[in-house]
Each structure stands twice: as C-alpha cells, then as structure tokens.
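Just below is one structure, and these are the notes that go with it.
Derivation of every value follows stated rules applied to the coordinates shown; laboratory data play no part. Since we're looking at a predicted model, the values are computed, not measured. Note: ideal-geometry Cβ built from the backbone for every residue, glycine included; neighbour counts use all protein chains shown.
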Amino acid sequence: MKSYWFPTSFAGLRQHMVSGPAAARYALLLAAVVSGGCASLSPTACARGAIEPVDFAGMYDKQAHCIASGLITRRCGARYARLAGTGKEWLDAVGGGDASRQDLRANADGRACALQAATAESTPDETQFRVAISACCRQRWPETAASAASASAD
C-alpha cells in the first residue's frame, strides 16, 4: 500500500513533492506559511514569550489562568490564547493535573480582560497593560473565593 503522506525513501520524497496528488497539498502549505508569517509556525513559542515576564508562583490558580490568557491574547491573539488554555487543560486531564471547567472560564475572562484593557486609552505600553490585566483578573477572580472553596473542602 502506497502512502501519499509519508514516502518510504528519500529519493521517493523528492519525486513525491514535485508530482502526484501531494504536490497541491505542499503548494497550499507553502502558500499558507508564506502568507501567515513565521508566527503561525510556533504558537507555543509565542505563548511562552507572552507569559515569561510574569512570576505565577504563589498566585491563585484562577487569577494565573486569567492573567496568562490575557497576556497571550495581547501578544499572539485570542485564538492562540484559547488554544493554549484548552491545551493546558487537556494536558492536566491526561497527565494527572487538576483539570477543571473553572480554569477554562478563567481563561475566557482573561481574553475578555485583554480586550477591555486594549480598548482603554490609558494602557498603551506593556507594563500598564499587565497592571490592567492583573486588576481585571483579581476583580473577576478574588482570592476570597479560593479560600472559601478550600475551607468548604476541608
């Protein structure tokens, strides 16, 4: 059985790329990469770069989700922020982490906070944007909700 996606030899790869049914797929892929720019090649790198300057250690989990999603939205776009949040929850679910719908809700709130902060005229630079995102996320996810939830679990 011949594979149209994975040629069996290097010599077959060259012929496979320039002729046959896969040639159109490669041309479309090349056009998408060129027109989309290099950012489309590495959404993970973009997301990691967006949250790198923030120290999330000791932060309430939902606030961390909210802030991270807001920062990723500003730098990479809302689609990548949604993808990053959903991907992290899938990893938590499969890898033994603490996956929850509340985390996804906090991610959605982060995207909304980013939109709110981006439309405000008083947040033109990155530092002021981070402060606005943090304030919005703390308002939407106060730490008292976390302490009340942990107290009821005990």
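Given the stretch 40-153 reduced to its alpha-carbon atoms as identical point scatterers, what log10 I(q)/I(0) does the Debye formula return at q = 0.09, 0.13, 0.14 Å⁻¹?
Listed by q, the Debye log ratios stand at -0.23, -0.47, -0.54.
Taking a virtual spin label 7 Å from the Cα of A93 along the C-beta vector, which residues in the stretch 65-87 bring their backbone nitrogen under 17 Å of it?
Label zone hits: 82-87.
Which of the peptides 104-117, 128-141, 51-64 is most tightly packed, and how do the rest follow, going by the mean number of other Cβ atoms within 10 Å of each residue?
Packing proxy ranking, top to bottom: 104-117, 128-141, 51-64.
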